[in-house]
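The values are calculated or read from the model by the stated rules, or taken from the named source; none is laboratory data. Note that the structure is predicted; figures quoted are calculated from it, not measured. Positions of Cβ are generated from backbone atoms using ideal geometry, with glycine treated the same way; all protein chains shown enter the neighbour counts.
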Amino acid sequence: MMQDRPGNVWWRPYRRVDDIDIFYADLAPNDRFEAAAFGWLNKDERSRWRKFMFPGPKRRFALCRAALRRIICDRLSCTNDQLAFGESEHGKPFAVVNGRQVSISFNVTHSGPHGLLAFGSPGRIGVDVEERRSYRHIDLLSESVFGPNERREVKSLRGQQKIELFFNLWTVKESLVKALGAGMSLDTSEFEVPEKMRRGDKRDVFVFPHLPKIKWQLEDISDRRFAAAIAYELRSSMVTSG
């Protein structure tokens, strides 16, 4: 088994947001890492891996799932054989150790060669990452996924500024959808990213119109390589903004 030293693993700490630990996973092609990752997958995960038709999805699944397993095993002091995963009604995974669900929250996202894994204490978490790539019809896509203010703001921009705002907004929305665990049942055009974040702030608190009693902390965790955001459920004493 590889020791978790720099150069021997494909993930590393990326950022800490309050009590949420976020790791970055390098998902670029690497035969050594891919072989090591495959060794950490269980029987069902290997079967799932074989069903991917193309090398990219195979690689991203194996590297993300193996990193997830190894980080959880380290945090919970369990062995890989003791760790399994269940899924919620909408397909959001949770950790099971020795047949019992455990109190660790996590979420995983990937886009191109970039993966992010977020971990925290009990409470819902969502994280999303997207490569910033050019779309010919960004305004048309915005019509289906953004609210009226967001659409207007994206439409008013050109070039790289348009691309950056689009993906900044989209990753915040996706992180909220993933944190809520609603899957495709939630229409992202029915809620908007807080205005302060649309204007450039990195952090704010959000409330879904249909769930007014639940507050979510949002944070833009992008860097020059990608757009990314995290959302997590707040206890009332934890609410911060700005």
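In the stretch 112-135, how many are farther than 15 Å from ILE71 by Cβ and among the aliphatic types (A, V, I, L, M)?
1
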Unmet criterion (only one of (1) in contact (Cβ under 8 Å) with a residue 40 or more places away in the chain; (2) part of a helix (DSSP H, G or I); (3) surrounded by fewer than 19 Cβ atoms within 10 Å (Cβ to Cβ)) for SER175: (3)
Residue check for SER111: touching a Lys or Arg at 6+ places or on another chain (Cβ under 8 Å), among the hydroxyl-bearing types (Ser, Thr, Tyr) and on the phi < 0 side of the Ramachandran plot: no
Criterion violated by PRO209 - all others in (1) touching a residue at least 24 places away in the same chain (Cβ under 8 Å); (2) under 29 Å from GLU87 (Cα atoms); (3) not small (Gly, Ala, Ser) satisfied: (1)
Residue within the stretch 83-104 that is among the hydroxyl-bearing types (Ser, Thr, Tyr) and either within 19 Å of ILE230 (Cα to Cα) or surrounded by 12 or more Cβ atoms within 10 Å (Cβ to Cβ) (or both) present: no
Residue in the stretch 154-168 that is surrounded by fewer than 16 Cβ atoms within 10 Å (Cβ to Cβ), over 21 Å from VAL17 (Cα atoms) and not assigned by TED's automatic domain parsing to the domain that holds GLY200 present: no
Considering residues of the stretch 182-199 that are exposed (fewer than 15 other Cβ atoms within 10 Å of the Cβ) and charged (D, E, K, R) only, the residue modelled with the lowest pLDDT: ASP187
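With the condition kept exactly as written, say whether any residue in the stretch 1-18 is assigned to a helix (DSSP H, G or I), exposed (fewer than 10 other Cβ atoms within 10 Å of the Cβ) and out of contact with any Phe, Trp or Tyr (no Cβ under 6 Å at 6 or more places or on another chain).
No.
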Out of ASP31, ASP74, ASP81, ASP26, sole residue that is acidic (Asp, Glu) and touching a strand residue (DSSP E or B) at 6+ places or on another chain (Cβ under 9 Å): ASP26
